[in-house]
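Here the structure is laid out as structure tokens; the discussion comes afterwards.
Read-outs: derived from the displayed coordinates by stated rules, not from any lab. Since this is a predicted model, take the numbers as computed values, not measurements. Please note: Cβ atoms are built from the backbone with ideal geometry, for glycine as well, and neighbour counts cover all protein chains shown.
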Amino acid sequence: MATSIIRLTDTEALAEAIRNAEGRATQRTLWPDLVERACDAAERALAALGVTKADRVGVVVEVNGSERLPSSYSYAADATYVQMRRARDGWRYESARRSTNRPRARDWQLVVLPSEEALLAGAKRQLTTTS
């Protein structure tokens, strides 16, 4: 798989990629600042787990523009989903799409985690620093 050249910091290119996926959609859409906040939150969560920056390479975060729908809403609603992959030098755009909304409490989630070894090493580091 080729690495995307769109970096998280290139907000114009990221916004264009998101707009291309959204087409004429006006509801449950995304903006680059929301994607950036989700990537920052993922970095903090991984750091809290003790995962080093080197071990974060390859992690994928999926951000969505979903919102809770009223229970009376009887149709499946679409939302924008953007995937960002962690590279050595920061987050890179992976893909964007419109897909059926899956309501959830957060607007982002890790879809590809660091390796099991990296998570175990992070846990060991956390244990040794708190002991």
* Asked: Tell me, what is the FRET efficiency for ALA45 and THR100 to the nearest 0.05, using R0 = 25 angstrom and their Cβ-Cβ distance as r?
  -> 0.45
* How much FRET efficiency would the formula 1/(1 + (r/R0)^6) give for ASP33 and GLN126, where r is the Cβ-Cβ distance and R0 is 35 Å, rounded to 0.05? -> 0.70
